[in-house]
Amino acid sequence: MNYLHHAILSSILIFIVPIHTFSQNYMSANDLSDLEQIISLDSEEEMISMRKKFPIQIINGRNYLSFIGKTNPDFDINKLEKQGCIVHSTVNKLFTLKVPLEKLQIAKELEDLNFLSISKKMNCALDKAVSDVRADSVHMGLGDLPQGYYGDNVIVGVTDWGFDYTSPVFYDTALQQTRIIAAWDQYKLSGPSPQNFPYGTEYSDVNSLLQAGSDTSNIYSYSTHGTHVASIAGGTGAGTEFSGIAPGVNFLFVTFLVDEGAVLDAWEWMYQKSLEEGKRLVVNMSWGLYHAGTLDGNSVLSTAISAYTDLGVVFVNSGGNNGDVNFHIKHQYNSDTIESRINFYSYSSHQYMWGQSIHAWGEVGKSFSNQIQIKNVAGDILTESPYYNTLTTNQYIDTFIVAIADTIWYNISADGAHPLNGRPQMRFRVKCTNPSLRVMLKSTATEGLVHYWNVTELSNDVGNWGMPFTTFQTGSIGGDNENGISEPSCADDVVSVAAYATGWTSPGGNPIGGGIASFSSRGPRFDGEMKPDIAAPGVAIAAALSSFTDGQYTSIGSVEFNNKIYRFARLSGTSMAAPMVTGVAALILDAHPNISASTVKDVLLQTAREDNKTGILPVNGDPTWGHGKVNALAAVEQAVLLNQVQNLQESNEILIYPNPVQDELFIDIPMEVSSITLRDLSGKTHQIERNGNHVDCNQLQPGIYFISFQSNHRNHVIPFIKK
């Protein structure tokens, strides 16, 4: 056994494929290794063959690789454009870049960049549900509402795949006019492309939309995911009971190339369209990934979301569907070693199955080391790789080890300090097609907390579902389902949505359902920040199917429109829960068009409801439920109140600042005041610690508050936000 070990370990040293050590630091090791892999191919034809795995696009007959990045003030776009690159600036110094395949060396030699990354590929993640979230009460103008609200004068932008532009659910209630303002199919090459975006095809009028019918077949074939999602957010139901949450909204649809650069372009296109229309915008994202970004709110997508939020755009994202799999490990090291079995997705279950990707993140300044070990079912060690340390692995490694008659392929890239967050990270991808072998992850460190995720890796894109870490033999450890929120749902300013089963009351008066969906990913974010933010129905949600889909679904109803049958079906996932919240956000914006995007999120979270399924939730939220179940009626009532108070404040003689406030609130009162009262959104009164014109806000929980001043038989009410 020892001799076999020695012989195999000796062979490892022969087959390691070193690549140049990288001196520039604006790209992570993962991106540099992927870039080198593409550049090392012998011809452009071989590069093009990598399109299934990497974001390679054809634009005007030329092949490009897509990147995203962040510039510094000295960055010169003209130099890149002269080299044939396509550059588009978005917000906050972020940009998308497309480099011709024959000039990829450019990406390694750029100047004046803070960060550059190959765009990572993405994956997709009504009836009783409308009443469950209290949206029907909003439509009817119940409670304290002065009227009904439907999402009028609000745009819902959906980034997805599988849109049916002809569906009657996207028409007005009279079925006379489409509510789709425009659509951008980034896959379709025929054009015309949108202004400033030289790829894809834009449909900007009803005739072009109807002539196209749907988006083109893409990586998901003729899907229906986008149609179902949009139908939940704002479909009319076309005369059926399957109406969406905000059936008065307009739509923007983007069928986006499954990479980060494409989605950044989609957001910018939607934002510009919303400005042209003079309407508020809510962007729904029912997709996500664990390989992209940093999973701690520091990614490029997170930065972009914050920038657009400041411009008034509301973002809603599904939290992920890995709540029922123990695909995560976290370990606090004290000069010790852990071992866990890496479970693989079945190779016979997916034609593009490649293997498993283990992504690990540590603490700033604290390195860790990983290796894989191959055992038989009896637990005997057949072979193992060397240990690779985040601090010293400064080259991409693509190699294999041999266990008797089986070859186990793996590749590794690592950063001692990632450019975006300074944390050490390692991506360890393993391919083992023999199910009788036990592939073990071994990891060691002197100190520090390290997180690991085991996610399936496909050869045509990356996959977004986890596989378990399990015990094997005494001393090994298993995984858990914690810290499972995907990118970009872990962004600070996005509304991250968990899923639960719709609750309803039986004819006998008994409550049915209402529990969290088993698949709904659990938080918190791995840096400790609370995610998800809120929960919405996401189990067996009834909504429209695309009439163009080639998928097989069980129909629960249909409607005829323009001599064509349109079906409805039930689908499950946090993909279905997110548009529930998107629809509620649109109702809020209908009731208060001038409310800030960050306040929309605050209102959603503070008005979320608790019940016997959620239990009493912590003030800062819960890793399963967030702040509770979305409550459309309470949220819109608060939006109406905020709008009324804002209108009063415009003619108010009293000034308060800063707003939002962190510590102390300053009050400028030019008249005699007999009393000052502080209340939160629920109406609860809070004690005020006042010192002259200062009010101490340190003891207040983050949220929306109202401060009332009584003077000369008048009551002045001013809202403010506590950060």
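Quick notes
- Single residue of region 445-487 satisfying the filter (aliphatic (A, V, I, L, M) and under 17 Å from the mean Cα position of the chain (by Cα)) that is surrounded by the most Cβ atoms within 10 Å (Cβ to Cβ): Ile485
- When we screen Asn454, Asn464, Asn483 for residues that are touching a Phe, Trp or Tyr at 6+ places or on another chain (Cβ under 6 Å), closer than 30 Å to Val229 by Cβ and in a loop (DSSP other than H, G, I, E, B), the only hit is Asn483.
- Looking only at region 660-696, residues that are more than 27 Å from Ala639 (Cα to Cα) and among the acidic types (Asp, Glu) come to 2 in all.
Rundown of residues vs (1) under 30 Å from Pro537 (Cα atoms); (2) of a type in the set (Lys, Arg); (3) outside any loop (DSSP other than H, G, I, E, B); (4) modelled with pLDDT of 85 or more, yes/no style:
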{"residue": "Val636", "(1), (2), (3), (4)": "yes, no, yes, yes"}
{"residue": "Val640", "(1), (2), (3), (4)": "yes, no, yes, yes"}
{"residue": "Met671", "(1), (2), (3), (4)": "no, no, no, no"}
{"residue": "Ser682", "(1), (2), (3), (4)": "yes, no, no, no"}
{"residue": "Arg690", "(1), (2), (3), (4)": "no, yes, yes, no"}
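- Ile338 falls short on exactly one of the conditions (1) part of a loop (DSSP other than H, G, I, E, B); (2) over 12 Å from the mean Cα position of the chain (by Cα); (3) among the aliphatic types (A, V, I, L, M), and that condition is (1).
- Within region 183-214, the set of residues being surrounded by 22 or more Cβ atoms within 10 Å (Cβ to Cβ) and on the phi > 0 side of the Ramachandran plot comprises Gly200 only.
- Flag if Lys629 is charged (D, E, K, R), at pLDDT 75 or above, in the same structural domain as His139 (by TED's automatic domain parsing) and under 30 Å from Tyr500 (Cβ atoms): yes
- Between Val130, Val154, Val138, the distinction of being under 30 Å from Thr240 (Cβ atoms), at pLDDT below 85 and of a type outside the set (S, T, N, Q) belongs to Val130 only.
- Counting only strands (runs of 3 or more DSSP E) that sit completely within region 488-568, those holding 1 or more residues that are crowded, with 24+ Cβ neighbours inside 10 Å, of a type in the set (A, V, I, L, M, F, W, C) and modelled with pLDDT under 95 correspond to 541-544.
- The number of residues in region 398-427 being surrounded by fewer than 20 Cβ atoms within 10 Å (Cβ to Cβ), part of a strand (DSSP E or B) and of a type in the set (Val, Ile, Thr) comes to 3.
- Flag if Phe472 is closer than 14 Å to Ile342 by Cβ, of a type outside the set (Lys, Arg) and not in a strand (DSSP E or B): yes
- The set of residues in region 156-202 that are among the aromatic types (Phe, Trp, Tyr) and either over 19 Å from Phe568 (Cα atoms) or in a loop (DSSP other than H, G, I, E, B) (or both) comprises Trp161, Phe163, Tyr165, Trp184, Tyr187, Phe197, Tyr199.
- For region 341-352, the condition holds for no residue, the condition being that it is surrounded by fewer than 20 Cβ atoms within 10 Å (Cβ to Cβ) and part of a strand (DSSP E or B).
- On the stretch given as region 152-178, residues that are surrounded by fewer than 21 Cβ atoms within 10 Å (Cβ to Cβ) and out of contact with any Pro (no Cβ under 6 Å at 6 or more places or on another chain) total 9.
- Residues in region 233-259 that are among the hydrophobic types (A, V, I, L, M, F, W, C) and more than 18 Å from the chain's Cα centre (by Cα): Ala238, Phe242, Ile245, Ala246, Val249, Phe251, Leu252.
- Taken over region 658-687, the residue count meeting the criterion of being of a type in the set (D, E, K, R) and either out of contact with any strand residue (DSSP E or B) (no Cβ under 9 Å at 6 or more places or on another chain) or farther than 19 Å from Gln701 by Cα (or both) is 3.
- Those helices (runs of 4 or more DSSP H) lying entirely in region 217-329 with at least 2 residues surrounded by fewer than 24 Cβ atoms within 10 Å (Cβ to Cβ): 260-277, 300-310
- Residues within region 353-372 that are in a strand (DSSP E or B) and crowded, with 19+ Cβ neighbours inside 10 Å, tallied: 12
- Answer from Ala639, Ala597 - the residue that is buried (at least 16 other Cβ atoms within 10 Å of the Cβ), within 27 Å of Lys684 (Cα to Cα) and touching an Asp or Glu at 6+ places or on another chain (Cβ under 8 Å): Ala597
- For region 135-151, the set of residues classified as within 22 Å of Ala499 (Cβ to Cβ) and buried (at least 24 other Cβ atoms within 10 Å of the Cβ) consists of Ala135, Val138, Gly151, listed by residue number.
The values are calculated or read from the model by the stated rules, or taken from the named source; none is laboratory data. Only a predicted model underlies this, so the values are computations on that prediction, with no experimental measurement involved. Quick reminder, even Gly has a Cβ in these numbers, built from the backbone with ideal geometry, and neighbours come from all protein chains shown.
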